[in-house]
Structure formats: C-alpha cells, structure tokens
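Have a look at this one.
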There are 4 protein chains.
Amino acid sequence: MGGNTFGKIFTVTTFGESHGPGVGCVIDGCPAGVPLTEEKIEHELARRKPSSVSAASTTRREADKPEILSGVFEGRTLGTPIAVLIRNQDQCSDDYAALRDVYRPGHADWTWEAKFGIRDYRGGGRSSGRETVGRVAAGAVAKAFLSKSGVSIRGWTASIAGINVPQDNGFDIDFAEGNPLRVPHREYAEKIRQKLEILRTEHDSAGGVAACSISGVPPGLGEPVFDKLDAVLAQAMLSIGAVKAVEFGSGFASAYGLGSALNDRFAPCSVPLSFLPSGAPSLKYATNNAGGILGGVSTGMSIEFRVAFKPVPSISQRQLTLDHKGDPYELSIDGRHDVCIVPRAIPVVEAMSALVLADMMLLNSINR
Amino acid sequence: MGGNTFGKIFTVTTFGESHGPGVGCVIDGCPAGVPLTEEKIEHELARRKPSSVSAASTTRREADKPEILSGVFEGRTLGTPIAVLIRNQDQCSDDYAALRDVYRPGHADWTWEAKFGIRDYRGGGRSSGRETVGRVAAGAVAKAFLSKSGVSIRGWTASIAGINVPQDNGFDIDFAEGNPLRVPHREYAEKIRQKLEILRTEHDSAGGVAACSISGVPPGLGEPVFDKLDAVLAQAMLSIGAVKAVEFGSGFASAYGLGSALNDRFAPCSVPLSFLPSGAPSLKYATNNAGGILGGVSTGMSIEFRVAFKPVPSISQRQLTLDHKGDPYELSIDGRHDVCIVPRAIPVVEAMSALVLADMMLLNSINR
Amino acid sequence: MGGNTFGKIFTVTTFGESHGPGVGCVIDGCPAGVPLTEEKIEHELARRKPSSVSAASTTRREADKPEILSGVFEGRTLGTPIAVLIRNQDQCSDDYAALRDVYRPGHADWTWEAKFGIRDYRGGGRSSGRETVGRVAAGAVAKAFLSKSGVSIRGWTASIAGINVPQDNGFDIDFAEGNPLRVPHREYAEKIRQKLEILRTEHDSAGGVAACSISGVPPGLGEPVFDKLDAVLAQAMLSIGAVKAVEFGSGFASAYGLGSALNDRFAPCSVPLSFLPSGAPSLKYATNNAGGILGGVSTGMSIEFRVAFKPVPSISQRQLTLDHKGDPYELSIDGRHDVCIVPRAIPVVEAMSALVLADMMLLNSINR
Amino acid sequence: MGGNTFGKIFTVTTFGESHGPGVGCVIDGCPAGVPLTEEKIEHELARRKPSSVSAASTTRREADKPEILSGVFEGRTLGTPIAVLIRNQDQCSDDYAALRDVYRPGHADWTWEAKFGIRDYRGGGRSSGRETVGRVAAGAVAKAFLSKSGVSIRGWTASIAGINVPQDNGFDIDFAEGNPLRVPHREYAEKIRQKLEILRTEHDSAGGVAACSISGVPPGLGEPVFDKLDAVLAQAMLSIGAVKAVEFGSGFASAYGLGSALNDRFAPCSVPLSFLPSGAPSLKYATNNAGGILGGVSTGMSIEFRVAFKPVPSISQRQLTLDHKGDPYELSIDGRHDVCIVPRAIPVVEAMSALVLADMMLLNSINR
C-alpha cells in the first residue's frame, strides 16, 4: 500500500499537485447506504479555504467545487470506491518560475528532490498545503459515515504566536466556528488577530497549536499493539504538513507528574454503554488525564489531543539559501501566503480524525 | 493487516501475553544475507531487562533467551520469515488472581475488556510491558540490517520526575548506556536515582521523557503524504505503552516561534551525499530545528525526537476502583513494578525506530 | 486496503460505475522519472474499445479519452500518485430503466445487491465490464515502467466458441494485434468470425480462452509463500469479470502427466543473466512445462498462462428470471452487447499482467 | 505486508524451513471468544501427515504436535495474535548434504537462489511442502471461527495419474475422509492405489486434481473488484506448492459453452436467507455453473472449484541436471518422497479455503 493511502478498511487515497489539473481522493471501504452529497463535501472544503477576513490567510482564491465521480447513486453510497475531484484554479504558475532552481528554507523542495530526483516546483507541487483538499473531501465522507454513530469532532485554535487561549473563562467552542481564526474565545480572537497583523507587516510568520476533542466515541476503538487509537491518530496528525508534535490528554505534562495524581479513577456509569461486548460492564472515569485512550483503546470519555504547527516557512523577508548548483541565492518569497496555518488546518485535523475514527469503528466491529 | 503487524516491506508481527507460554515476533521482508545471531538479539533484550541496581525497575527476573525458529541459515538471513521466541519465566500467575474481577486504574484492563469481551488478567496479558520483548527482538534484526548502511540510533533519558537532564554541560551520551537509568549525565543520574528511591518509599511512580537521535540517515527517507517519516515514527512511538506525546526537532516550542527564526538555512555540503538520485545536489543545513525531517522526508541531518511517558499506573498506594459488577473495590497493587518506565523503554524506543528506518530504507530504494 | 486496490508497492486503485460520470484509476508507488503521456494510455484504451468491424463486439461508442490529473510533470512521473480519469459517454441510461427491479441471470445484479443492499442498476454499475477501463489505464502506466526492463507482454485469443486456434501451423502472433478478434491465425480468425456471426443471429453468446506470454522476465520475481508470482497472477486474472479458470504452463494437463516427463531440465546459459544476486549462477531450461515459474518464482523463461472466460451472460433470447419481489419475470436483454468478450479482454489480461510484473519487479529489488 | 502474510482482517503469517527448528504461524485478527484447543489444531495436522498405509506418501515420520504460544486463554481466543509452533523432528539433514551444490529439476532450488542469493538446501528449506504445516494450523483456527456460521469445507481427490473419480455412481464424500488417498469412491480408491504402487516401482510420480466444495456460505462474500471471492481463492490455491491451475464451477468447460446453456436460472427461495442486508430479497439458483460465485461475490450456492497439481518433482530415476558452477550432474533423488501429493494436499486446500472464507466473512460484516 503506497504512502498516499490511509486506513485499513475505510481507506482513502489522495492525489494531486498544487498547480496540476486537480486534487482529490478515492475512498474505498465506505459501507453502502450512507447518505452523501457534493454539498456536504463542499461545506467542509469551504471551511479550509483562505478567508478574506482572516489576518492569517493567503489571498489565493480557490473555488473548490467537488465533483463526485463514482460510488454514489441516488444520494447514497454504493459500497464501491468514491472518487472526488476538485479542479485547481487561480494557479498563477508563472509566479513560481523563479523557484525552479532554488530551494526554499523550511520547505520540502530539496528533500523531495533528494527523494524523487524530480519535483514540480510550482507551489511546492504535492508538498503544498493544497494537498489537504483531498483529505478534507475524504474526511467529509468519513463524517457522513460517522454521523449516525453519534461521534462528533471539534477542532479549534488553542494557541497562536505564543498567545494561549484560556480553556476556562470565556472559552466558547461555538465561537470558534464563527470566526476565521477558529479561536474559541471572543477576546483572544481579537488579540491573536492583532498579533498576526503585526507579523504580516513584519514579513514574518507564526506557529500555533490546534486542539481537538472527539466526543461520542464508544469504548473499545483501537487496534493494539501497533494500531492503537492514539498511535494511528498520531500518524494522522504528523502526516499533516508543518506539524511537529502531538500530545494526548495530559501529554507532555504527564511526563512531569506522579502516578497517584494522574491515574484516572473509575466512576459508576448510570446509562449502559452501547457497543460493549456481552460481559463487559458499563463504566466511566471521573477524570480524563488519559485523553480518552488507555492501552491504545478508547475509554468512552472524549478523546483530547493537541497538535503543534511550526510557523509557515514562506516569509517575505529576504532569506539566504542555495540553488540547485549549491550556489548562494537570496530569496524573497513574494506571494499569497498564510501568516499562521493553524486556523485553516483545523478542518484538516478534523478530517484526519474522522478518517481514523471511521476506520477504527469498522475494524472494531469484527469483535461484535 | 492486523494491528499486531508493523511495517510495509520490512514487517514485524509480534505475539504473546505476559503470563502465557512466551512472547516473540516474526519478521517478514528482511533482505537475505544479513548476518544474524541469537546473541545479537539477546544483547538487545538484556538492555530492556529490569536491573537489580536500578531504582526504577521491577524486581521480576526474566531470563529472556531468544530462540531463532526460522529464517536464518548458517548465520545469515534467508529472505524468509524470521521467527523469534522468548519463553516467559518467573510468571507468578497466582499474584494476579486477585485482579481477575477488578480493573486497575490507569491500565488497559477495562478498555481491553470493553473491546474484546475477554481478557487475560494475569499481569495485564498482552497489554503488559512484557509485550515489548517482541519489539526489541525485532528491532535487533532491524539494527542488524541497518548496520551496513551507517544508521545509528541512540536513545537516552531526558527527564524523569520533573528533573530535566541538561543537554549541554556534563551531557555524555556514552554514560547513558552504562547506567541503569540511561541518564547521559553522571550528576543527574544520581539526582534522579535519589528521587526515584524516595518515590518508591512513597509508593508512587513518575513519568519522564525519552530522547532519541538517529544519525547517518540518508536524505530521502519517508513516504508522503501519509507515511511521512515523522508520521510513521509518531505511530511507532505512540504504540508503546504509557507514551502520551511525541515531538520532533523544536516540537511544541516551534508552535511558539516565528518563521524567521525557525527556518533552517542550507549550508554547502563538501562531501557528496550517497543515496541521492542523479540530478539532486548534495546540501546540508546549518541548524536542525526541523529535527532532520522536512515535508515528511529525511534531510540528512540527524533525526531528533522526544517521547513523553506517563507515570507507571501500578502504584502500591491504596486506590479506589471498581470491579466487574461496577461495585467499589479498594485496590493495593503489591508487586514488582517499575517506578518509572523510561529507562527500560529506551531500548523499545530504539527498536521501534530501527523498524521504521529499516522499512523506510527499503521503501525508498524503489526510487533508485 | 480495500478490495479496489491492487498491488503492494506499485499499487492501483480503480473507481467508477458504467453509467456514472466516469471511470479511472490512481496509481501510487510508480517510481519517479518514468516517461508518461496521455497518448500512451489512450493507445491501450483504444485496444479494448468495441470495434465496429468485430463480430464479437457491442456497438456502444466509447470515446475513452484519458486525462492525467496528477503525478506527471513535464512528461515524467513525479513519484506521487498518478490519477487518470476517463469520462463516460453515450450512456443511454434509459435503456436500463427496465432492469431496475429485475435480476439478470449470469450477472452480478443480485449478488451485489445481496452484498451491498443497494446497486446502480444502469449497465451493471461497477460490475460492468466498463470497470476494466481503469485497469487498462493503469496497465498502460505499468507498461511504461516495465518498458525499460525489457519485459514484454503479449495476449491473444486461443479459443472461442469451441474453436481452438492451433499453436503451430499458421500461428502468427503479430497477426493477432491486427485483427479485431485478436486471433493469431489468419484462417482461424475468419472461422471464428463466421461462428460469432451465427451466434449473434441466434441471440446467443460464446466463451473462450485468452492466452498470454510474458517474455524478458528476469529470474527471481515472486514473493513466496503467499504472493508467489503465479498466485498473484491468478488473483489478477480471476478478478476480471467472466473469468472462471486459469492455468500456468502445462496447467491441467500436468495433473494427468508423470514427473519423469514434466520436470523441465536445466540447460547451460551462455549469456550471464542480469538481476541475479551475487553467487547465483546463470542457468536456463530446455523445456518450459512450468510456464516460467517454479516455487512461485520466475525462472527466466517466458511466463505462459491461459485464462478461461465464460460466455457473455447478456443474451437477447428470452430468459425467465425473478424480480426484486421474487416474482417471475420474462427478460429479453436488448442491447449492445458483445457476443464473446475474449477479444476485448486481451488488453485487460495484459494490463493486469503488467501491474503484477511491475509490482513484483519492485518487491524483488529489495534483495539486490 | 510481506509475502508470508495472507488475509486482510483475519490474517496469517507463516514461518519455518523444512529442517530448521520448527514451522508455525501467527494468526492476527481472529475475533475474541472463539473456542480453541491444541487438539483441534493437532487433528488437522494429522490429516496432512504422511500415512504408512498410503501408497502415495513419503515414509518420513512427523510428530507434529502444535503448541499454542499466545492468544488463547482458558480455551478461548483473546483477540490477540495466536502463535502456533510445531517443532521439526526426524530431519535427517545429512541426507541432503549431496544437494548443497546441485539444483533439482522441477524444484525451487535454483529460482529461490536466483531470488535470494542464498538457500537452505536441506529438504528445500522453506520451499518444501513442510511449509504447509503452518497453513494447516492456521486453517484449523479459521475453521474454529467459521464453525459457528455453518460454513463447511470438504476437499477430496478428483483425479490421480489420469484416473478420474466419477462424480455420480458410487461417489461417497464420506468415504474420502476414511481412506488415505482421500478418494470418495471405494472402487476408484483401489484403482488409484494400484496405479500409484506401479509408479513407485517405476520410480516415477503422478499429478492429480483436488476438488473442493464449500457449503453454508452466505451470499455477499467477496470484495470486488480485485479481491473477488474467486480471485482470492485462486491466489490461495496457486500459492500452494505444485499447483498449476484452478477452475471454478464449469471452469474451462465454460469457455467452450454458450450463454444460453450456462446462465444459471434463479429459483424462489422458500427460507429467508440470513446475512442479507435489508431490502435484498432471498433467492437461489436452479443450477450452479457459476460454482457459487457471480461477479466475484458468493451466490449462496455451494462454492465449487478444482485444483490441478503437477507430479511430485522428486523422482528416484536418474535425472541429468546442473550444479552451482553450471556443470552437468547426474542426480538420483533417494528418499522418502510422495508419489502423488494430492491426498496430503487436500487438508491444505481446505485450510487455505478456510482462511479465505474467514477473512471474507469479516470483511463483509462492515456492510451489515
């Protein structure tokens, strides 16, 4: 199975370069009978599009109209592969001609050339963030599948440019969806917006942290010992460009804590859990330091994780780099780039989460 | 491919429960002709064994003599599956009878029962740390394969119980191998030892951070977009019990930094790199914030990552939990448990790294 | 990995229903740098199109212009996924409205509904022969990859409607490509054409046998014990619609023979074979009862196999069948159907062979 | 996934050489809670052992006592990997020293050396028929899983040395199990026995055909388009040593027939079928030319296929061959070899069938 396919039962293969004819995906293994429309997919694609009102975003215009090429008949999935194509537009390939022979710092230009011996230099080719369009389209299908099971995935901006959004006072997850920075806090949304405006004028970029919470997950998901739920989610997150770290539940903080404090205690569960095999009792936990996963298997508590993104490497400051002959080259990336990728990456984090959950639901069904 | 198989070309399947007849692995896809002996495997297994001199360790005695059942002939691999068996000893199953109907906090007891509807309660069954014996045995084979390519993997204890080992003054990676806590610093090894002794008397446990550095990695390893080198390493690390987080290079810190500071600059490379496809120039980097991976592909710089382990959940303090009827149960885990798992997990981190690198070397060879 | 993906390194995922927007494929794992154009793909697609001059063929018109959506840049593969789309045309969905609630004998109508609970009844949906367009497109890419290695794949019609094409007198493989029935024998091409004309007037259909010969295959291909070269070729062939049997070399005849007669003898090999690992001597065989494969591994002799196709189940005679309520229904399939599928299946047999060989070449390269 | 792993959900990895320490398998993906004992596995292993009363068999003694190393607790599967080890005995490696530098005709000696550059010459190493012990052990686990679903697999000898067992008069499937040649016909069992005695005195060997019937299969099994039920069964069969062909239902005969004769008609089904998705009506077929599979998906009728085995290549006649220098060598294989492998291959055919069916049952469950 090639490196562009993800999942074991609910599998997705994505394709496409930034400035080629299009990007897209093929989902194989989605059960038959799931209601699915192009509108559902377009809705998710719209969430990752650059926003004109966002201080964080590129000004590139992407129409991103998905076309379902197969696998859906009269509004329901057929159980056959679902191919989705999104044509590229507004490509401005000429902008990139200058980059043909030069390697941008912090980008994959040279490493991919060192791997493949050839690269599509236009906008980074497949190493571009545009590749995530295929993931988001596939994630929309996964969400459609998951919708009947009650699984709900919510991502938000937890931190940008060193400004941490407080989790308590003023935290409002519903506010996140409404603002282009995906900050779940009215006051901090504005703080971060101002910070990003400053960085833009300074021709610099910022990193940040995305948080994600998955609720409604039945206990029992995850396939030890190598495909533990957190292990596969970690792969999913680190496969997103610019991600440098992931932590579950108490994460790195748990490395500094004690067992007596971090062990989550059980609590009686008044409502019987669904999806349990016969014999297993319904339980829950009083705390959730584990982030919803123990021994690689979901506990039934919400799954909580955080993903660290490095700053966008494309900055308009002059940078000294090398060209394909190894000669020095002074580079000034001019263009339509995000200052911080986190807001637009939230739908990608959610999409990858949905793909993992859909696959794990199906894999776990064999034990029923 | 089941959840107990890892890798695509160089694949390993592990098996075994803590108190069953044995644990082990089958490696399929190791090229023929690699020199391999049981002694090499035993050497790595010895590194993960509990040490009588370590304040961190359980007092369980494990002989851990590996037997190569197949795939090796006259000291060299045949290209056929290499099965390795390590029998369990000193099992003391009776110690665990009390745990038959009760769920230990922080362990996988209940989640695995919620998944499978059945569990081997003796020592946690397959969710036990003993499962990692199969990984270490397989990692020894991967290391044997990698040895001719110059790849070198070194793990060490970076932090335990809140005590961070300084990376500069006094840091001595060779010292790490010699002391049972795998601390690469004479002074801090003693500090941490004392801290763990105190925790043991307090019937508590501690988390910690393992660091790993992989040098000699050629540029070009990693299979975008889903099997990026860091993505698969992240899966590998999170698949190890008790791991809650992983970060590469600047990791979480990069989420708080700026692009102008974090972009690694290129530097001319005086010695031509091997493994490069024709046409790609030899380059290196002046800094390594990326941790040796850009766009999911190795840069040729050393790969650097850190892994957070939660505290060992087995503590001798009284803990309130629930039994299989959902009734309260006061639990006091008596037994031979590690206070901090990090020192013994270092060989596991290395083994999983070796498995990833071996697979990625083979996968990348198709582009040559 | 879903059932619509084939291969381990050189993988193809196909998609598409007969009367949906289009059919196509995504190839992942094709090495970078392979010259590839839409013309090459279109050439292979043209070979499987119904021919107006063929007595065997449907009269459906298919333009079958492939569009490469990704993975190719300036005429060479990038090492990234290669997506190819062929739009459906001339669909005449209305012709099929009558089939909405009735199950055609010999087709997959009911079994697929029994599997998925839903089906696209228009032209059989994905169970249609039109699905093979994606395979042929992918096979064209595989052929492009194989072309530099000297592997050559030739399929032909060996038998139709009980008329066996003699392998000796008058056999002319080059003649096969030139005639629409792919019969490698001028005289028998005419005999078979006349037979098919008669069957068409009788509203009946015929089965037949396709033969395939692959030359230029280096010894060593095949991945025992489950992915033996013949085993994977057998899967590839039986995955083609209407195939009911496959045999390699002496095939079923060898079940009736003696060891003393069927063992192929070795012969000295004057020219050193390429691709051999060091130490293995160059040998060949005096005969080829094995069909080029021993112990699941290629011998260096040409690979020879034969594939049996059942008669096209769509016949214009009245057939008694059942509808979705289990009630009797008298069916008369009116339409543009092939009388015998073998001639048009030859390019599909070749395409699947090419996919297998490409994958096996890459898999075997790990032993070099 | 290496070439020694088979299946997608219910997966088996086999290991072991003929004269190494042992052979065995690891099954991953078997659902939890399946009753399993070493006795069940030993029973199947006994069926493939050479029989002292069989004219067809080698006189090698194999104890073949399986040891379950993992995955079973208190008589039930845990949902974790099930490792089974069978130690080799009575190995007589010295017998094979003469074969170190010479290649036996009809065997994999040279092709495997051409692949791997190294081989275990003792008894063919992993290319030996002894490798099938791991398959039969795994098949026993698959049968245990299948037993609750009503699937029943029966194989028998259909033809040996040109003597075809009649399917009508005197055919008695229960008689097959009782006689060492697995011939389901008292009279023909004796005929074949006499023929094999003659061949043994003539130092020759014979091919034959195994037949297999799988009943109780629900409709809907098979994963189009590449993992069709017949496609995967074909791979499974061709992966068995000495197999040269497979045919389903009317098989090669259907290539010579007409559509009007071969289309199986539907028949009303009085008893509602289980496993059907809602909406799909219960139907059956009046005939079974399809061999129980249409469009790659099971029809609910019994699955019928036939497998052709070539003659055992080890014969005691003098054969001229070549050695590792390419020099001529006159070979006389002395030893304990089967005259015809079909009787002992029946349990292997059944085991591989069981593995396919178990996997397909689980894969299909996602549509429920």
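The values are calculated or read from the model by the stated rules, or taken from the named source; none is laboratory data. Small disclaimer: the values here were computed from a predicted structure and weren't measured. Neighbour counts are summed over all protein chains in view; Cβ atoms, including those assigned to glycine, are modelled from backbone coordinates with ideal geometry. Please note that ligands, DNA and RNA were not included when accessible areas were found on the heavy atoms of the full protein model with its side chains. Shrake-Rupley method; radii C 1.70, N 1.55, O 1.52, S 1.80 Å.
Summing +1 for each Lys or Arg and -1 for each Asp or Glu, what net charge is found among the other residues whose Cβ lies under 14 Å from the Cβ of A:Asp174?
+1
Same structure, new question: Test of understanding: express the Cα radius of gyration of region A:275-338 as a ratio to 2.2 N^0.38 Å, with N the residue count. Display every interim value, and only then the final one.
Details: Rg = 24.5 Å, N = 64, 2.2 N^0.38 = 10.7 Å.
Computed over Cα atoms of region A:275-338, the ratio equals 2.29.
Taking beta carbons within 10 Å but only from partner chains, what does the mean come to for residues C:127-134?
Going residue by residue through C:127-134 and averaging, the value is 2.
Could you go through region A:313-329 in sequence order and give the Karplus-derived ³J(HN,Hα) for each residue, using 6.51 cos²θ - 1.76 cosθ + 1.60 with θ = phi - 60°, rounded to whole Hz, and x for Gly and Pro?
x, 6, 10, 7, 5, 6, 10, 8, 9, 10, 9, 5, 9, x, 8, x, 8
Still on this structure, I have one more. Mind computing the radius of gyration and Dmax over the alpha-carbon atoms of region C:1-54? Å is fine for both.
Expressed in Å, the Cα Rg and Dmax of region C:1-54 come to 14.0, 41.
Taking a ≥ b ≥ c as the square roots of the Cα gyration tensor eigenvalues, with a/c under 1.5 meaning rounded and otherwise prolate when a/b beats b/c, else oblate, which class fits region C:119-267?
Here region C:119-267 falls in the oblate category.
Quick check on region C:93-171: take the gyration tensor over C-alpha atoms, sort the square-rooted eigenvalues as a ≥ b ≥ c, and tell me if it's rounded (a/c under 1.5), prolate or oblate.
Taking the square roots of the gyration eigenvalues as a ≥ b ≥ c, region C:93-171 is oblate.
Which far-off residues, 5 or more places away or on another chain, put their amide H under 5 Å from the one on D:Cys30, with H placed in the peptide plane?
Amide H neighbours of D:Cys30: D:Thr11.
With runs of 4+ DSSP H residues as the only contributors, calculate the mean residue ellipticity of the protein assembly as shown at 222 nm using -39,500 (n - 2.57) per run, divided by the residue total and rounded to the nearest 500.
Result for the protein assembly as shown: -8000 deg cm²/dmol, rounded to the nearest 500.
Here is a follow-up. Distance between Cα centroids, region A:286-346 to region C:211-239: provide it in whole Å.
Taking the Cα centre of each part, region A:286-346 and region C:211-239 sit 44 Å apart.
Same structure, new question: For D:Trp156, what accessible surface area do you get with a 1.4 Å probe? Give it in Å², rounded to 10.
20
Can you tell me the Rg and Dmax of region D:196-315, counting just the alpha carbons, in angstroms?
17.8, 62
What do you reckon, how do D:Tyr256, D:Tyr188 stack up by accessible area (1.4 Å probe), largest on top? List each step's numbers first, then the result.
On the way: D:Tyr256 95, D:Tyr188 45 Å².
Order by accessible area, largest first: D:Tyr256, D:Tyr188.
For B:Ser70, which sequence-distant residues (separation of 5 or more, or a different chain) have an amide H within less than 5 Å of its own amide H, given hydrogens modelled in the peptide plane?
B:Ala83
Report, for D:Gly150, each distance to the same residue's label point in the other copies, shortest first and in nm; define the point 7 Å along Cα→Cβ.
3.2, 5.7, 6.5
Top to bottom by accessible area (1.4 Å), largest first, where do D:Glu202, A:Glu67 land?
D:Glu202, A:Glu67
Right, next: Relative contact order for region D:238-315 using alpha-carbon pairs under 8 Å, separation at least 6, rounded to a whole percent?
Worked out over region D:238-315, it gives 41 percent.
Also: For chain B, with a Gaussian network of springs between Cα atoms less than 10 Å apart, report the residue from B:Ala354, B:Ala138, B:Ala63 with the top mean-square fluctuation.
B:Ala63
Tally Lys/Arg at +1 and Asp/Glu at -1 over every other residue whose Cβ is under 12 Å from the Cβ of A:Thr321; what's the total?
That works out to -3.
Could I ask something else about it? Identify all aspartates and glutamates with a Cα-Cα distance to A:Lys143 below 15 Å; exclude those on the same chain that are fewer than 8 residues away in sequence.
Hits, sequence-local ones excluded: A:Asp28, A:Glu38, A:Glu39, A:Glu42, A:Glu44, A:Glu350, A:Asp359.
Shifting gears a bit: Under 5 Å between amide hydrogens, which residues at least 5 positions from C:His19 or on another chain qualify, with H placed 1.01 Å from N in the peptide plane?
C:Gly125
Evaluate E = 1/(1 + (r/R0)^6) for C:Asp327 and A:Arg76, where r is the Cβ-Cβ distance and R0 equals 30 Å; express this FRET efficiency to the nearest 0.05.
So the FRET efficiency works out to roughly 0.75.
Put D:Arg344, D:Arg200 in order of accessible area, largest first, 1.4 Å probe: what do you get? Before the final figure, lay out each step's value.
Numbers: D:Arg344 25, D:Arg200 90 Å².
Accessible-area ranking of D:Arg344, D:Arg200, largest first: D:Arg200, D:Arg344.
While we're looking at this one, here's another question. Excluding ligands and nucleic acids, what accessible area in Å² is computed for A:Asp204 using a 1.4 Å probe, to the nearest 10?
Here the accessible area works out near 20 Å².
So, one more: Specify whether the C-alpha gyration tensor of region A:219-259 places it in the rounded, prolate or oblate class, a ≥ b ≥ c being the square roots of the eigenvalues: rounded for a/c under 1.5, otherwise prolate if a/b is larger than b/c and oblate if not.
Oblate, since a/c reaches 1.5 and b/c is not below a/b.
Something else: Which of the residue pairs A:Lys65/A:Lys115; B:Lys40/D:Lys115; A:Lys244/A:Lys325; C:Lys40/C:Lys148 have a Cα-Cα distance greater than 23 Å in the structure shown?
From A:Lys65/A:Lys115; B:Lys40/D:Lys115; A:Lys244/A:Lys325; C:Lys40/C:Lys148, over 23 Å: A:Lys65/A:Lys115; B:Lys40/D:Lys115; A:Lys244/A:Lys325.
At 18 Å minimum axial length over the Cα atoms and a Kyte-Doolittle cut of -1.0, report the qualifying DSSP H helices in chain A, or say none.
Details: long enough: A:132-146 (20 Å, 1.22); A:186-201 (23 Å, -1.18); A:342-364 (32 Å, 1.32).
The answer, listed by residue number, is A:132-146, A:342-364.
Over 68 Å apart: what share of the alpha carbon pairs of the protein assembly as shown falls there, rounded to a whole percent? All intermediate terms of the calculation are to be shown ahead of the outcome.
Details: 62625 of 1082656 pairs.
Summing the P(r) of the protein assembly as shown above 68 Å gives 6 percent of all pairs.
Is there a simple number for the mean count of other chain Cβ atoms within 10 Å of the Cβ of residues in A:100-109, and what is it?
Numbers: counts 0, 0, 1, 3, 2, 11, 9, 3, 9, 2.
The mean count of partner-chain Cβ atoms within 10 Å per residue comes to 4.
Taking every residue in D:196-208, how many Cβ atoms of other protein chains lie within 10 Å of its Cβ, on average?
On the way: counts 0, 0, 0, 3, 0, 0, 2, 2, 4, 6, 5, 10, 3.
Average per residue, whole number: 3.
Quick one: plug the Kirkwood hydrodynamic radius of chain A (C-alpha pairs) into Stokes-Einstein at 37 °C, 0.692 mPa s, and report D in µm²/s. Write out the running numbers ahead of the final one.
Values: Rh = 21.7 Å.
The estimated diffusion coefficient comes to 151 µm²/s.
Work out, step by step, the length gained on full extension between D:Ala261 and D:Ser152: first 0.36 nm times the residue separation, then minus their alpha carbon distance; give nm to one decimal.
Working it through step by step, the gained length comes to 36.3 nm.
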